[in-house]
1. Using the Karplus curve 6.51 cos²θ - 1.76 cosθ + 1.60 with θ = phi - 60°, what ³J(HN,Hα) values do you get for each residue of segment 74-89, in whole Hz, with x for Gly and Pro?
2. From Cα pairs below 8 angstrom and at least 6 apart in sequence, can you work out the relative contact order of segment 24-183, rounded to a whole percent?
3. Using a 1.4 angstrom probe and counting only protein chains, how large is the accessible area of Thr78 in Å², to 10?
4. Name the residues whose placed amide hydrogens come within less than 5 Å of the amide hydrogen of Ile76, ignoring near sequence neighbours (fewer than 5 apart) on the same chain.
5. For segment 139-183, run through the GluC sites (Glu not before Pro) and keep only the ones in DSSP coil with at most 16 other Cβ atoms within 10 Å of their Cβ.
6. How big is segment 45-146 in terms of Cα radius of gyration and Dmax, in angstroms?
7. Taking the Cβ of Leu57 as the center, what net charge do the other residues with Cβ under 9 Å away carry, scoring Lys and Arg +1 and Asp and Glu -1?
8. Can you pull out the trypsin sites (Lys or Arg not before Pro) in segment 19-75 whose DSSP state is coil and whose Cβ has at most 14 other Cβ atoms within 10 Å?
Amino acid sequence: MTCQENPAAEDHGNGGTPPSLWVVRFAPAIPKGGQVLDLACGGGRHARLLLAAGHSLLAIDRDTSKIKDLEEQCEIVTADLEAPGSDPLAGRHFTGIVVTNYLHRPLLARLPAALEPGGILIYETFALGNERFGKPSNPDFLLKPGELLDAVEGPLRVRAYEDLIVERPKPAAVQRLVAEKMA
């Protein structure tokens, strides 16, 4: 399930799911020269976009089988981000972090500290209200109103934020944010 408004479903080497238009729009804001994190990368639709833009990349997911073809191009870590004691971000800093269709609140709270000064966070996932459209419907996996804004308040400057209903590729309630870590 995706939450971007993307009418085309062309094949991007990842099972036909195109990158989120939100990520496509704001990925150019990520500074060059450092490593970018694609967190909960799934089939690699954003990893491929970021690699094509020339970024050094770390892709993390609990199932990395769909991105094996990227092993020569980026660092891939297989990790259950929600397992007790799992900390694949420990001691690491990134010029950009991209997260879509994933919410684990303890990790969300840690993302601002994992950004380098000037780094960009691009986040897009489901929000309360999505239960009327289908899954996810469990409130544990749906952002509360303003929750993304609250998570970055202080260390990050919000560049763009939306809390809305999208129609494509299927109706969904989403929140999406782009924020920059202040130097």
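1. Working through the residues one at a time gives 8, 7, 10, 10, 8, 7, 7, 5, 9, 6, x, x, 6, 8, x, 9 Hz.
2. Values: 319 pairs, mean separation 31.4, N = 160.
Reported relative contact order: 20 percent.
3. 90 Å²
4. Ala59
5. Glu167
6. Using the Cα atoms of segment 45-146, the pair Rg, Dmax is 14.6, 42 Å.
7. Numbers: positive: none; negative: Asp38, Glu75.
Here the count lands on -2.
8. Lys32, Arg62
The values are calculated or read from the model by the stated rules, or taken from the named source; none is laboratory data. This is a predicted model, so every value here is computed, not measured. Counting neighbours? That spans all protein chains shown, and the Cβs are built from the backbone with ideal geometry, glycine included. Heads up: the accessible areas ignore ligands, DNA and RNA and are worked out on the full protein's heavy atoms, side chains in. Shrake-Rupley method; radii C 1.70, N 1.55, O 1.52, S 1.80 Å.
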